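Peer 1: Let me give you the structure first, and then I'll get to my questions.
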Amino acid sequence: MQDRTTLLYGQDPTERIVAVERAGQAQVRVFRRLHGDRVVAETAPFHPWAVLTEEGTNALDRRGAEVVRLQGDLPLCYLARFVSWSAFRTAMEQIQQRGYPVHTFGHPTDQYLTLTGRNLFRGMNFDDIVRMQVDIETTGFDARSNRAEILVVALATNRGHREVLDVADLGEAGVLRTLTERIQQIDPDVIEGHNLFNFDLPFLMERARQHGVTLAWGRDGSPPRIGGTQRFKAGARTIPYQAVSIFGRHIVDTYQQIQRYDTANELESYGLKQSIDALGLTHPDRVFIPGEEIGRVYAEDRQRVHAYALDDVADVALLSELALPTEFYQSQILPRGLQGVATGGPGEKINYLMTRVYLALEHSLPLPDTPKPYPGGYTEVRRVGVFRPVVKCDVESLYPAIMLSDRIAPATDVLQVYLGLLEVLTARRLEAKRRARETTGAEQARWLGLQSSFKVLINSFYGYLGYSRALFSDFDAARRVTLRGQEIIRQVVDALDDAGAETIEIDTDGVYFRPPPSVRGREAEEAFVAAIGERLPRGISLAHDGSFDGMISLKTKNYVLRAHDGRIILKGSSLRSRREEPVLRRFLRDAARAFIEGTPATVRDLYLDTAERLIQRALPVHDIARWETITEKTYTSEANRRLADAAAGERIGERIAVYQRADGSLARIEHYAGDEDVDYLLRRLRDMAARFRPLFPDDAAFDHHFPPLTARSDVALVRAAPAVQQLSMF
């Protein structure tokens, strides 16, 4: 077994590598950023590789590959190293056509790093790399249109560079040429932007094509390369995007990264300004210009558009500084490029780690386990209603802790690498958390980034067992972990009940409960949770994971919390939808606050006030519109015909705000003519109110608070209806 550092970081200690790119058929260029920000490049030999079964090896044309037998008796037991990239590609096509199993990585950078044991950014902090933020303002969304052009390009770097390139000064072709000059002069390791893949890059590349301008952005002077449509994974969601690569540089889209950062799913929108505002990062002098007014404002006041664009790149930098360190420090561990780490799924990351260790030890690899069903975590709603106060306790890293304490690992991990990696990651995360508590400033930021990267990888180990493409998948092991997790969380619930707490909701590794009357205040809550934790098996740690003024429990995984600072936190698919009209989301949040604060009678007034404003068409169009993302299905599915009509001419990946007209059609907000479908909005309002149906004793009480209304309803008469019985739960 390798030592702990080598196990985690690879066997080659070379520091400050910032990029690796294939250069020719059997070479790579390795770029290193030295102290003082000087970038040097060296050429190194590169032999593409694949690991094959005996049958696959026998079918291989040996003239283009050197084949060695790996140790052990696992099925993937031959390592083939090819004389060139083209020989590798030809061999892979032949092997896959014949249906033989094979394991390799599709990107030459990943292949090189895996076999050499090198990693990017070793010996560097996040601030050591040069990051450039880019934002464009345009006259339209379709770069192919004669009426669309770039107005300005804003640039900024983490080294203090700030600049706006203006078409009025340079012409559009001049803006593109100057942007290319700046990229070569600044020589960034990372180019960042918000919705960079699906808008800014395609727009810039199309305008460059029309002007005959070469965007020589690569470190070899090459233009950006367009790949196929790929899928970015954020939690349970996978989102398509148009892949683009730049030789020697990494592209990071903060629209993607902020979705990964939002692990609690608390942000209602992932738009740039909405994300910054929700995170409390909007600076007081920030310039705002509605998207549809950019052209008009530019014609009247170019400097205002300049300030707006510079604020945009500043916001991109803020989002990157929040979200990207986790991916950066993972890149110091994983044999992958930063762009691959930032867009890849968690299961693939463990595949990379396991593959590197096994091949470094010249050992054969297994084939994935046959998929089979296994149970999920224990979830249950014990009580429905409003509860005050509420505490949450959480079993820290439940599944990783079970795997370590019960020694559960893939059956095919004959070298016992899996638990070794998990142990060293866990130890280093605890150390990073300790150091973060003891430091401040840049040093603290480094330790926080490290602990976050360790946490992400640690939490990937359980899912890897049930990942169908994992080499070391083991569905029986996943089942054992899950069943043990259910057993432990039931022990927590039983202990809480015995201690006089009221258990409200259980979700896999955490429990919300109302503590006994004697437990009030953070110190008492933590002591209470610690006492409960003492009853758990060794190696399993129970932590205080938050306390709240109140909670509305509605159904499994759907609840509302009121934090001590007054914030309302909505959880669950029935309470959170970024597609809901703002007026409906606002009603839901305000109603939830009233329920938790013990004033349910005011909820009826909120409902009727909102309905009255809808009937009177007294709300701005932005309040009654919803955002839609344009996908391929927008234009191909009959179910999306109304949206397709409204989105005509828009590119896939764009987001547009639409509202429903009285005739049932959808229209963009810039075409608003006081013609919204009031009956539709009133139905949606009552649908939103129905989320709170479990709080009411009967239909009569619910209907009194939230009566069905139409555009012809007289709200004043409805207000005068006699009250029904008080709600007993309040």
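The values are calculated or read from the model by the stated rules, or taken from the named source; none is laboratory data. The structure displayed is predicted, hence computed values, not measured ones. All Cβ positions, even for glycine, are placed from backbone atoms using ideal geometry, and neighbour counts span all protein chains on display. The protein model used for the area step is the full one, side chains on, heavy atoms only, and it has no ligands, DNA or RNA in it. Shrake-Rupley method; radii C 1.70, N 1.55, O 1.52, S 1.80 Å.
Peer 1: Could you tell me whether segment 316-323 includes any residue that is more than 26 Å from ARG576 (Cα to Cα), part of a helix (DSSP H, G or I) and either open to solvent by less than 30 Å² (accessible area, probe 1.4 Å) or of a type in the set (D, E, K, R) (or both)?
Peer 2: Yes, segment 316-323 has at least one match.
Peer 1: Then there is this: Filter segment 163-186 for residues that are in contact with a helix residue (DSSP H, G or I) (Cβ under 8 Å, 6 or more places away or on another chain) and of a type in the set (Asp, Glu) and give the result.
Peer 2: Result: GLU163, ASP166, GLU172.
Peer 1: Counting just the residues of segment 19-54 that are free of Cβ contacts under 8 Å to residues at least 40 places away in the same chain and of a type in the set (Lys, Arg), which one comes out nearest to THR90 (Cα to Cα)?
Peer 2: Taking the candidates together, the pick is ARG32.
Quick grid of which residues meet (1) farther than 30 Å from VAL493 by Cα; (2) assigned to a helix (DSSP H, G or I):
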| position | (1), (2) |
| --- | --- |
| CYS393 | no, no |
| TYR399 | no, yes |
| LEU404 | no, yes |
| ARG407 | no, no |
| GLY420 | yes, yes |
| LEU425 | no, yes |
| LEU430 | no, yes |
| ARG437 | yes, yes |
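Peer 1: When both residues are 6+ apart or on different chains and their Cβ atoms are under 7 Å apart, which pairs have a first residue that lies in segment 681-705 and is assigned to a helix (DSSP H, G or I), and a second that is open to solvent by 10 Å² or more (accessible area, probe 1.4 Å) and hydroxyl-bearing (Ser, Thr, Tyr)?
Peer 2: LEU682/THR710; LEU685/THR610; ARG691/SER574
Peer 1: Quick one: count up the residues across segment 572-616 that are small (Gly, Ala, Ser), free of Cβ contacts under 8 Å to residues at least 24 places away in the same chain and within 16 Å of ARG562 (Cα to Cα).
Peer 2: Total meeting the criteria: 2.
Peer 1: Now for a separate question. Going by the structure shown, is ALA470 of a type in the set (A, V, I, L, M), under 14 Å from MET403 (Cβ atoms) and either touching a strand residue (DSSP E or B) at 6+ places or on another chain (Cβ under 8 Å) or not in a strand (DSSP E or B) (or both)?
Peer 2: no
Peer 1: Sticking with this one: So which of PRO284, PRO290 is open to solvent by 20 Å² or more (accessible area, probe 1.4 Å), without any contact (Cβ under 8 Å) to a residue 40 or more places away in the chain and within 23 Å of ALA657 (Cβ to Cβ)? Give the steps one after another, and end with the answer.
Peer 2: Details: PRO284 fails: within 23 Å of ALA657 (Cβ to Cβ).
After ruling out the rest, the residue left standing is PRO290.
Peer 1: Listed residues GLN486, GLN451; which is closer than 30 Å to ILE333 by Cα, polar (S, T, N, Q) and part of a helix (DSSP H, G or I)?
Peer 2: None of the other options fit; the residue is GLN451.
Peer 1: List every residue pair whose Cβ atoms sit under 7 Å apart, with the two residues 6 or more apart in sequence or on different chains, where the first one lies in segment 617-642 and is touching a residue at least 60 places away in the same chain (Cβ under 8 Å) and at negative phi and the second, anywhere, is surrounded by 14 or more Cβ atoms within 10 Å (Cβ to Cβ) and of a type in the set (Gly, Ala, Ser).
Peer 2: TRP627/ALA657
Peer 1: Continuing with the same structure: Pick out the one residue from SER397, SER364 that is at pLDDT 95 or above, among the small types (Gly, Ala, Ser) and in contact with a Lys or Arg (Cβ under 9 Å, 6 or more places away or on another chain).
Peer 2: Values: SER397 fails: at pLDDT 95 or above.
Going through SER397, SER364 in turn, the sole match is SER364.
Peer 1: While we're looking at this one, here's another question. Mind checking which residues of segment 678-704 are open to solvent by 20 Å² or more (accessible area, probe 1.4 Å), out of contact with any Leu (no Cβ under 8 Å at 6 or more places or on another chain) and not small (Gly, Ala, Ser)?
Peer 2: Hits for segment 678-704 are ASP679, TYR680, ARG683, ASP687, ARG693, ASP698, ASP699, ASP703, HIS704.
Peer 1: If you check every pair at least six apart or on different chains, which have Cβ atoms under 6 Å apart with a residue in segment 441-457 that is over 24 Å from GLY235 (Cβ atoms) first and a residue that is in a helix (DSSP H, G or I) and at pLDDT 90 or above second?
Peer 2: GLN444/ALA436; TRP447/ALA432; TRP447/ARG435; TRP447/ALA436
Peer 1: Testing LEU709 on (1) in contact with a strand residue (DSSP E or B) (Cβ under 7 Å, 6 or more places away or on another chain); (2) not in a helix (DSSP H, G or I); (3) not hydroxyl-bearing (Ser, Thr, Tyr), one condition comes back false. Which one is that?
Peer 2: Just one mismatch for LEU709, condition (1).
Peer 1: Moving on to the next point. Quick one: which residue in ALA673, ALA646 is among the hydrophobic types (A, V, I, L, M, F, W, C), open to solvent by 20 Å² or more (accessible area, probe 1.4 Å) and more than 20 Å from ARG589 (Cα to Cα)?
Peer 2: ALA673
Peer 1: A follow-up question, please. Among the residues of segment 123-149, what is the count of those that are in contact with a Ser or Thr (Cβ under 7 Å, 6 or more places away or on another chain) and surrounded by fewer than 22 Cβ atoms within 10 Å (Cβ to Cβ)?
Peer 2: Number satisfying all stated conditions: 4.
Peer 1: Just a yes or no: is a residue in segment 646-661 farther than 30 Å from TYR241 by Cα, part of a helix (DSSP H, G or I) and in contact with a Leu (Cβ under 8 Å, 6 or more places away or on another chain)?
Peer 2: Scanning segment 646-661 turns up no residue that is farther than 30 Å from TYR241 by Cα, part of a helix (DSSP H, G or I) and in contact with a Leu (Cβ under 8 Å, 6 or more places away or on another chain).
Peer 1: Still on this model: Which residues, counting only those in segment 149-186, are without any contact (Cβ under 8 Å) to a residue 12 or more places away in the chain and over 22 Å from ILE129 (Cα atoms)?
Peer 2: ASP169, LEU170, GLY171, GLY174
Peer 1: Return the only residue of THR326, THR355, THR343 being in contact (Cβ under 8 Å) with a residue 40 or more places away in the chain, open to solvent by 10 Å² or more (accessible area, probe 1.4 Å) and either within 21 Å of ARG428 (Cα to Cα) or in contact with a Leu (Cβ under 9 Å, 6 or more places away or on another chain) (or both).
Peer 2: Of THR326, THR355, THR343, the one residue that is in contact (Cβ under 8 Å) with a residue 40 or more places away in the chain, open to solvent by 10 Å² or more (accessible area, probe 1.4 Å) and either within 21 Å of ARG428 (Cα to Cα) or in contact with a Leu (Cβ under 9 Å, 6 or more places away or on another chain) (or both) is THR326.
Peer 1: Residues of segment 344-385 being of a type in the set (Val, Ile, Thr) and under 25 Å from LEU542 (Cα atoms), which ones?
Peer 2: Across segment 344-385, the qualifying residues are THR379, VAL381, VAL384.
Peer 1: Oh, and also: Does ALA50 meet the test of being open to solvent by less than 70 Å² (accessible area, probe 1.4 Å) and under 18 Å from PRO368 (Cβ atoms)?
Peer 2: Here the answer is yes, as ALA50 does meet what is asked.
Peer 1: Looking only at residues that are acidic (Asp, Glu) and part of a loop (DSSP other than H, G, I, E, B) in segment 53-92, which one is least open to solvent (accessible area, probe 1.4 Å)?
Peer 2: First, pick out the residues of segment 53-92 that are acidic (Asp, Glu): 54-55, 61, 66, 73.
In the following step, the residues that additionally are part of a loop (DSSP other than H, G, I, E, B) were identified as 61, 73.
On the way: ASP61: 68, ASP73: 149 Å².
That would be ASP61.
Peer 1: Related question: I'd like to check something: does segment 246-255 contain any residue that is in a loop (DSSP other than H, G, I, E, B), under 26 Å from SER452 (Cα atoms), open to solvent by less than 50 Å² (accessible area, probe 1.4 Å) and among the acidic types (Asp, Glu)?
Peer 2: Looking for residues that are in a loop (DSSP other than H, G, I, E, B), under 26 Å from SER452 (Cα atoms), open to solvent by less than 50 Å² (accessible area, probe 1.4 Å) and among the acidic types (Asp, Glu), one finds none in segment 246-255, hence no.
Peer 1: Then there's this: With (1) open to solvent by 50 Å² or more (accessible area, probe 1.4 Å); (2) assigned to a helix (DSSP H, G or I); (3) aromatic (Phe, Trp, Tyr) as the list, and TYR308 as the residue in question, which single condition is left unmet?
Peer 2: Condition (1) is where TYR308 drops out.
Peer 1: Take ALA667 and decide whether it is small (Gly, Ala, Ser), at pLDDT below 90 and either open to solvent by less than 40 Å² (accessible area, probe 1.4 Å) or within 29 Å of the chain's Cα centre (by Cα) (or both).
Peer 2: Answer is no for this residue.
Peer 1: Mind checking which residues of segment 160-196 are part of a strand (DSSP E or B) and of a type in the set (A, V, I, L, M, F, W, C)?
Peer 2: So the first thing to find is which residues in segment 160-196 are part of a strand (DSSP E or B), and the list is 162-166, 190-193.
Residues satisfying the conditions are VAL164, LEU165, VAL190, ILE191.
Peer 1: In segment 572-617, which residues are in contact with a strand residue (DSSP E or B) (Cβ under 6 Å, 6 or more places away or on another chain) and buried (at least 21 other Cβ atoms within 10 Å of the Cβ)?
Peer 2: Step one: list which residues in segment 572-617 are in contact with a strand residue (DSSP E or B) (Cβ under 6 Å, 6 or more places away or on another chain), which gives 572, 574-576, 579, 581, 589, 592-593, 595-596.
Across segment 572-617, the qualifying residues are LEU575, GLU581, ALA592, PHE595, ILE596.
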